[in-house]
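Structure record follows, encoded as structure tokens.
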Amino acid sequence: SSMNMQNWVAKLRNIVEASPGNVLVGADLDQAELRGSASQSRCRAFLSAFDQKRDPHDMSAAHFFGDRYRNAPGSKDEKNSPKARYRRLGKVTNFASTYASSPETVHEQVTKAEDELTGELIFADIPLKVTWMMHAKWLEVYHEYPVWWRDLIKSHEKNGYITEPVGGRRRDCL
């Protein structure tokens, strides 16, 4: 299998060059995975955010941390600023939680989050109780996801498989 370059730290991505006569193309699918799950789960908060061109990770960070996030120094786009770190917590929690992760699994994902430039763990010392709080608040706001998960499980139990909404591919396991 080949390694996905989006998971490489920036220092490694910058050393790759196209062979003569070829060009490397990069693309950002702009939260395509989160958009897809929001559509499938009919998550009103995420769908509304996407329609309004709002940043869903910014929205989650604001919900989790309130004024601590809104008043944090720096910009959400300024690497390693306090505001950017809060946003990153929102992003990691969004992606871990969309897959029906337990608070412990969310915590595991949060504590494994790496700085994109250095590869250093940026939340290694975050307490489990903070991720419990983020996960609980995530479920409050994005409450359509658990309903979607239950429906997928029921469909699998009834049919022995689930069908992907795009392309209709049959999945025999969850």
Starting from the Cα of Asp51, step 7 Å along the direction of its Cβ; do the same at Ala32; then give the gap between the two resulting points in nm.
2.4 nm
What list of ³J(HN,Hα) values in whole Hz, one per residue of the stretch 146-161 in order, does the Karplus curve 6.51 cos²θ - 1.76 cosθ + 1.60 (θ = phi - 60°) give from phi, with Gly and Pro shown as x?
x, 5, 4, 4, 4, 5, 4, 5, 4, 4, 5, 5, 6, 9, x, 6
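Based only on Cα atoms, what Rg/Rh ratio does the chain have, Rh being taken as Kirkwood's radius? Numbers along the way, then the final one.
On the way: Rg = 18.2 Å, Rh = 18.1 Å.
In the chain, Rg relative to Rh is 1.00.
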Mind checking the dipole of the stretch 62-120: about its Cα centre, +1 per Lys or Arg Cβ, -1 per Asp or Glu Cβ, Debye to the nearest 20?
300 debye
Would you be so kind as to identify which of Trp149, Pro127, Cys173 lies farthest towards the positive end of the dipole of the chain, taking Lys and Arg as +1 and Asp and Glu as -1 on Cβ and the Cα centre as origin?
Trp149
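For Met59, Met133, write out the residues from largest to smallest accessible area, computed with a 1.4 angstrom probe and no ligands counted. Could you put the intermediate results ahead of the total?
On the way: Met59 30, Met133 55 Å².
Correct descending sequence by accessible area is Met133, Met59.
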Could you state how much accessible area His57 has, in square angstrom rounded to the nearest 10, with a 1.4 Å probe and all protein chains kept in place?
0 Å²
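The values are calculated or read from the model by the stated rules, or taken from the named source; none is laboratory data. Because the structure is a prediction, the values reported are computed rather than measured. Ideal geometry is used to build each Cβ from the backbone, glycine not excepted, and the neighbour counts take in all protein chains shown. Heavy atoms of the whole protein, side chains included, go into the accessibility calculation; ligands, DNA and RNA do not. Shrake-Rupley method; radii C 1.70, N 1.55, O 1.52, S 1.80 Å.
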